[in-house]
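Please read the structure below before turning to the comments.
Only the coordinates and a few stated rules stand behind these numbers; no lab work does. What you see is a predicted model; the values in this text were computed from it and never measured. Cβ placement follows ideal geometry from the backbone for every residue including glycine, while neighbour counts extend to all protein chains displayed.
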Amino acid sequence: MYYRQKILLSLIEFCGRNLSNTRLEKLLFLYSKKYNQYYDFFPFKYGCFSLQSYHDKRILIKNGFLEDSENSFILKKNISFIDKIKNEDHNDLKIFSLKHKRLTNKELIRKTYIEYPFYASKSIILEDVLDDTEKNVIHNYNEINQKTLFTIGYEGKTIDKYLQILIKNQINTVIDVRKNPFSMKFNFSKNKFSEYLKRVNIKYFHFPELGIHSFLRSNLETPDDYKKLFTIYEREILTKNQIYIYKIYELLKKYNQIVLMCFEKDYHYCHRYKIAECCNSQFNIPIKHL
């Protein structure tokens with residue numbers, strides 16, 4: 001069992017053993033922000049949301065720790081994890097639960113919206129929770145900036161953190177430039193990944209023609225190895241697929257905020273860097289690496 005799952009079960013135990021989905025999400029979010037970031041969140045229909053928490057819920061139901069409930073996180077009888085977590089986490093959760101467990105669901109939602117307005121930027125229930133002045137603060141997060149071509153790698157990121165970054169930068173279109181869109185991180189394989197993007201109204205395009213075959217990426221150890229690879233890439237792949245550079249430009253004109261996505265955390269070691277350079281040199285597109 002992952003330690004974060006023990007934290008999740010302990011939070012449920014400290015806060016009453018039976019929490020609605022909405023209540024659990026808000027409590028877990030506030031705890032993560034106040035103490036330890038065991039879960040990442042992104043803005044969604046009812047505020048802060050973590051795909052990982054629901055994935056863990058399914059696992060914990062399967063393994064017999066939670067009741068099989070669609071609408072709630074219910075700890076099974078005789079299950080206890082509060083003595084199986086670190087002392088500092090135990091104390092933090094105890095203090096946190098005493099402060100928050102008596103708040104109503106509406107009070108919890110309101111608290112998260114006011115204290116962390118970015119996470120309320122996609123909410124469909126603002127009218128029921130906030131007054132006009134408070135709503136204006138949140139609406140500011142939805143203003144579209146100038147046309148920008150972003151790049152991002154998912155290495156070291158959870159799907160929740162990844163979506164959070166996209167939404168925070170008002171990105172509405174992802175261009176996948178992997179040759180093979182399969183990933184050992186299941187959430188980032190093409191079908192699952194594009195499904196998550198659709199949930200948050202972000203468009204997905206895949207340009208495998210701009211990717212690099214895996215055999216060309218073998219035995220890359222030094223900066224010089226990467227320099228040689230990208231020289232080959234520019235000569236053999238990029239120059240022969242200029243139509244896709246133009247397609248990127250057309251998508252940028254249409255959608256304003258788009259991102260080139262691949263795996264590597266450091267863009268200097270990823271071909272998306274060369275694609276962005278090419279777009280900038282041909283169309284004078286502002287580039288931002290995330």
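Some observations on this one:
- Extension gain from ASN18 to GLU277, taking 0.36 nm per residue of separation minus the Cα-Cα distance: 88.0 nm
- Proxy reagent accessibility, fewest Cβ within 10 Å first, across CYS262, CYS48: CYS262, CYS48
- Local charge for LEU251 was computed over the other residues whose Cβ lies under 14 Å away, with Lys and Arg +1 and Asp and Glu -1, and equals +3.
- For the stretch 185-243: lysine pairs under 21 Å (alpha-carbon distance), excluding those fewer than 8 apart on one chain: 7
- Between PRO223, PRO43, PRO208, the residue with the greatest mean-square fluctuation in the GNM of the chain (Cα pairs under 10 Å linked by springs) is PRO223.
- Neighbourhood charge, 9 Å Cβ-Cβ cut-off, centred on GLY47 and excluding it, Lys, Arg +1 and Asp, Glu -1: +2
- Spin-label pair LYS265/GLU221, simplified geometry with 7 Å Cα→Cβ offset, distance in nm: 2.2
- Which of ILE95, LEU60, ILE82, positive extreme of dipole for the chain (C-beta unit charges): LEU60
- For a straight C-alpha distance cut-off of 25 angstrom, the lysines reachable from LYS101 (same-chain residues fewer than eight places away being disregarded) are LYS6, LYS26, LYS33, LYS34, LYS45, LYS57, LYS76, LYS77, LYS84, LYS86, LYS111.
- Full-stretch length increase - ILE114, LYS135 - with 0.36 nm per residue and alpha-carbon distance subtracted: 6.6 nm
- Within the stretch 38-68: backbone nitrogen closer than 15 Å to the LYS76 label point (7 Å, Cα to C-beta): 57-68
- Placing a pseudo-label 7 Å from each Cα along the Cα-to-Cβ vector at ASN63 and TYR255 gives an inter-label distance of 3.7 nm.
- For the chain, the longest principal axis of the alpha carbon atoms and the long axis of helix 242-255 meet at an angle near 40°.
- If R0 equals 45 Å, the separation of the Cβ atoms of LYS228 and ASN201 corresponds to a calculated FRET efficiency of about 0.65.
- Relative contact order of the chain, pairs being alpha-carbon contacts under 8 Å that are 6 or more residues apart, as %: 21
- Per-q log10 I(q)/I(0), the chain, q = 0.16 Å⁻¹ (Debye; single scatterer per alpha-carbon; no solvent): -1.19
- For the options THR222, THR22, THR158, a Gaussian network treatment of the chain with springs between C-alpha atoms closer than 10 Å singles out THR222 as fluctuating the most.
- If you run the Gaussian network model on the chain, springs between alpha carbon atoms under 10 Å, then out of ILE159, ILE167, ILE124 the most flexible one is ILE124.
- The amide H of ILE125, built 1.01 Å from its N in the peptide plane, has no neighbour under 5 Å, considering only residues 5 or more places off or on other chains.
- Of the residues THR239, ASN21, HIS289, the one whose Cα sits farthest toward the positive end of the charge dipole of the chain, with +1 on the Cβ of Lys and Arg and -1 on the Cβ of Asp and Glu, is ASN21.
- Remark: relative contact order (the stretch 121-190) = 24 percent; criterion is Cα-Cα distance under 8 angstrom and separation of 6 or more residues.
- Look at the alpha carbon pairs under 8 Å that are at least 6 residues apart: their mean separation over the length of the stretch 3-139 gives a relative contact order of 34 percent.
- Here the label points at LYS190 and SER214, each 7 Å from Cα along the C-beta direction, are separated by 1.4 nm in the simple model.
- Surrounding net charge for LYS77, when Lys and Arg each add one and Asp and Glu each subtract one, Cβ distance under 15 Å: -1
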